[in-house]
Amino acid sequence: MNLSSEFRDPDLCRRVLEQIQHLADSPFRFMEVCGTHTVSIFQSGIKSLLPENISHLSGPGCPVCVTHDLEVNTFLALAKMDLRLATFGDLMRVPGSRGDSLKKVQAEGARVDIVYSAFDALQLAVDNPSENVVFLAVGFETTAPTVAATVKVALKQQVENFFILPMHKLVPPALQALASDPDIRVDGLLLPGHVSTITGIEPFMFLAGDYNLPAVISGFEPLDILQSIQILLRMHKEKTPAVINSYKRAVADQGNPRARKVMQEVFKPVDTAWRGLGDIPGSGLSLRKEYLGFDARRKFEPAPLQPETNTGCKCGQVLKGKILPPQCPLFASVCTPAEPVGPCMVSTEGSCAAFFKYSL
Amino acid sequence: MSDRVLLDYGSGGKASQRLIREIFLKHLGNPGLNRLDDAALIEDLSGPLAVSTDTFTIFPLFFPGGDIGSLAVHGTVNDVAMLGAEPRYLSCAFLLEEGLDMQDLDRIAASMGRAAADCGVQVITGDTKVVPKGAADKMFINTTGIGMVIADPAPSGSRAEPGDAVLISGTMGDHGLAILTHRQGLKFETDIQSDSQALNSLTTRLIREVGDVHVLRDPTRGGLATTLNEIASQSGCEILLQEDQVPVRREVQGGCSFLGLDPLYLANEGKFICILPEDLASKALEVMRSHPAGRDAALIGYVREGQKGRVVLRTSLGGHRLLDMLEGEQLPRIC
């Protein structure tokens, strides 16, 4: 039995489910922060196995879903300029304010390459010295360190045709904003395993300390998720809200200091807007002074369309856990994976897409 | 001959003749093709015939476990076989980009010749066009296959019935992941090979030895999930798929997990779905497992009344969820 299959073992999962059923003696609303958790919960069928009085909500943990309209319009404006974009696959179908997407502008002649890492994008620039390559730097603390390391390499190697569009976001400030919103009723959080490998546990401690909100850093296999829910329920029963790291096989309590160091050397925190959540202080990353030469916004000065204020899309409410995707009036009628209005429907890790794809 | 394909080779003149003789007839020649008439004469087929055509565009041209040439034979032979037919003849049209390496073309034609001989079909007519550099990506191949239907009635995606069992001839996702990883230069612990292979000798045995096969379908683009959705929709029934019964190689599972892909949606080029009455399932499995192309065969689900056109997945944990068609292509995720 390998490590992965052990965490998918049906018998072990069944035993934990029985304990969950025993502990869930009143209604609970738990939010998973990470999009990979959302997909895992649906794909493994956990959603159909949990007791009915446990509602699970998907929070702002899908990097595509929280990318603001203005940022989408900015990279679409860049795509229409004389340069080459390098992006993770997730962004290809995200619609801008006029319904454009990288897929569509690519069909019209824009040059867009799907890459697996920022280093691949840098290599693209090195291999094509006559072209300007812009990497679309989205993602949370998980991806920011490798982007930072890539920028450092680009500086060292004096690659002059490589740029990034910084759109990174930081998870703890977003959770601070959520936890302090009096309208949001959440009984516990599944904290993102990938992000926590970098941050460690400390940036999340305020959840229990300031808001009495139990939270568990969770892995992504079914048994990880079920055990995390069980821990949340037990903390409620014992009235001992805390932040627990139950993903110790991947997450050290202190996180990854080296990755944080490189991230802090290249980026500095700035206020930024999240789709649906609005402006959140200190939740974005911009390049520090010595790396500003790599900033695609400064170099190319794209002129993005201003986002429309009222599209009817309720992604923001979904990301805050205020409504479930089917409660959005656009869900499955105007907004589908084929013609998504909001990124929660377009992203493979989006809550709306998961409801659409997996719900019976 | 030049070491590169020139526009001259598509001119219809002497250069074209040299290309046909020195590449295509050398590897694909047979008495029918060697006549070089405008059309092929077929004298030995009778009864219901199955015809299928497909165009192959693939990057890279050579991949672990195959190449565009063998794929162009296997793909069309398999499509003909899925109608319960014995494939016999192929046509073959090449669209070549100016500048294509002549050695690559020779290797691909040789590979087609071997693949055709292995599955007992002859290429009896063909065509070659050369387009200017940049107008096509190296090489496209169209093949059309023709064969005699031996099943009565012929299997069809519309014939799945409640009470039928759903079988699969082997592991899922090998081809799709092999192509993707080779294309991106990704290395895993084990080299993942395409499953490209001809299935006609196995489907012929199934029809002759088991009989009453309702559906045969190869889950190529879109993979198992998409193909089952097509069948459920054509037949107006619901299919229940049991996740823990679907064979997936460990290295494919691992690669998919790493890339954020689902093996149920990855393309296969050497596997087929067989749907038939449940009481014939064990006999069919026995036949499949005794053949090299079906040694990992498994019973993976059932057809039931349920909701028309829907595929439900029973997960390994015992939960249930919708298994929908894929929207567009699978794209690797951010983290």
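The values are calculated or read from the model by the stated rules, or taken from the named source; none is laboratory data. Nothing here was measured: the structure is a model prediction, and the numbers come from that model. Here the Cβ is made from the backbone with ideal geometry for all residues, glycine too, and neighbour counts use every protein chain on show. Heads up: the accessible areas ignore ligands, DNA and RNA and are worked out on the full protein's heavy atoms, side chains in. Shrake-Rupley method; radii C 1.70, N 1.55, O 1.52, S 1.80 Å.
Of all residues in the range A:266-275, one or more are outside any loop (DSSP other than H, G, I, E, B), under 21 Å from A:Leu122 (Cα atoms) and not polar (S, T, N, Q). Within the range B:210-236, the only residue that satisfies the criterion of being open to solvent by less than 10 Å² (accessible area, probe 1.4 Å), more than 14 Å from B:Leu276 (Cα to Cα) and not in a helix (DSSP H, G or I) is B:Pro219.
If only residues of the range A:195-243 that are among the β-branched types (Val, Ile, Thr) and within 14 Å of chain B (Cβ to nearest Cβ) are counted, the one that is nearest to A:Leu12 (Cα to Cα) is A:Ile225. Looking at (1) within 14 Å of another protein chain (Cβ to nearest Cβ); (2) outside any loop (DSSP other than H, G, I, E, B); (3) open to solvent by 10 Å² or more (accessible area, probe 1.4 Å), which is the only condition A:Thr142 fails? Only one criterion in (1) within 14 Å of another protein chain (Cβ to nearest Cβ); (2) outside any loop (DSSP other than H, G, I, E, B); (3) open to solvent by 10 Å² or more (accessible area, probe 1.4 Å) is unmet by A:Thr142, namely (2). The listed residues are A:Gln19, A:Gln43, and the only one of them that is more than 24 Å from the chain's Cα centre (by Cα) and either at the interface with chain B (Cβ under 10 Å from one of its Cβ atoms) or touching a residue at least 60 places away in the same chain (Cβ under 8 Å) (or both) turns out to be A:Gln19. Does A:Arg275 satisfy being open to solvent by less than 30 Å² (accessible area, probe 1.4 Å), under 27 Å from A:Ala179 (Cα atoms) and of a type in the set (D, E, K, R)? Spelling it out, A:Arg275 is indeed open to solvent by less than 30 Å² (accessible area, probe 1.4 Å), under 27 Å from A:Ala179 (Cα atoms) and of a type in the set (D, E, K, R). Within the range A:111-139, the set of residues being of a type in the set (Gly, Ala, Ser), within 13 Å of another protein chain (Cβ to nearest Cβ) and open to solvent by 10 Å² or more (accessible area, probe 1.4 Å) comprises just one member, A:Ser117. Restricting the search to strands (runs of 3 or more DSSP E) fully inside the range B:95-168 and requiring at least 1 residues that are surrounded by fewer than 18 Cβ atoms within 10 Å (Cβ to Cβ) gives B:122-131, B:139-149. Quick one: is A:Ser97 more than 12 Å from chain B (Cβ to nearest Cβ) and touching a helix residue (DSSP H, G or I) at 6+ places or on another chain (Cβ under 6 Å)? Criteria met by A:Ser97. Residue count for the range B:253-281 satisfying the condition of being basic (Lys, Arg) and assigned to a helix (DSSP H, G or I): 0. Among the residues of the range A:198-257, those that are in a loop (DSSP other than H, G, I, E, B), over 19 Å from the mean Cα position of the chain (by Cα) and hydrophobic (A, V, I, L, M, F, W, C) comprise A:Met205, A:Leu213, A:Ala242, A:Ala252. Where strands (runs of 3 or more DSSP E) fall wholly inside the range B:282-333, the ranges with 1 or more residues that are touching a helix residue (DSSP H, G or I) at 6+ places or on another chain (Cβ under 9 Å) and within 14 Å of chain A (Cβ to nearest Cβ) are B:311-314, B:320-322. Residues of the range A:316-357 that are out of contact with any Leu (no Cβ under 8 Å at 6 or more places or on another chain) and open to solvent by 50 Å² or more (accessible area, probe 1.4 Å): A:Gln317, A:Lys322, A:Pro326, A:Gln327, A:Pro329, A:Ala332, A:Ser333, A:Val334, A:Ala338, A:Glu339, A:Phe356. Of the helices (runs of 4 or more DSSP H) contained entirely in the range A:1-85, those carrying at least 2 residues that are within 30 Å of A:Asn310 (Cα to Cα) fall at A:35-43, A:69-79.
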